[in-house]
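Report on one structure; see the data block that follows.
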Amino acid sequence: MDKPSRKPRSRILRGVYFVLGVICLGLVYLSALPGIPTFDFVILAAFFFSMSSDRVHTWMVEHPVFGRIISGYRDGGLTIRMKWVAVIAISLSLGFSAFVLLDHLGLRLLLGAVGVYAIWFVFTRPTKQPSDQPPLAA
């Protein structure tokens, strides 16, 4: 039995979700830069497309790379290794931004709060046991 659709009825709101999905999907390609994780943008894009376009969501779930990341997350969460890679990436990228790029105490504190929340979020996701498959991009 299919689940009832969670898509909003409003075409405008579905359009906003679609645009957010396209932005997140575009940011996936920035993950080639150090400290920018692929995983977050793929999961966010999949969520936004699930709220806006069945066709694009299906394409993402069946994509050879994105689909593996999405199914890995849906099938039980993150491995401990993935969690630690995410924490290191979050810490390095926010730390670099806070202490090299910014000279404003309020913004540094805001980035620190965002970092604490992001690390809390990562460690509150379900933990799955590593498998024999190669690790997913973090």
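Since every read-out is calculated from the coordinates, none of them should be taken as a lab result. If you're wondering where the values come from, they're calculated on a predicted model, not measured in any experiment. As a convention, Cβ positions derive from the backbone with ideal geometry for all residues, glycine included, and neighbour counts pool all protein chains shown.
For the reader, a short list of remarks on this structure follows.
- Modelled label positions at R81 and V114, each set 7 Å beyond Cα in the direction of Cβ, lie 2.9 nm from each other.
- Net lengthening on full extension, L102/R11 (0.36 nm per residue, minus Cα-Cα): 28.8 nm
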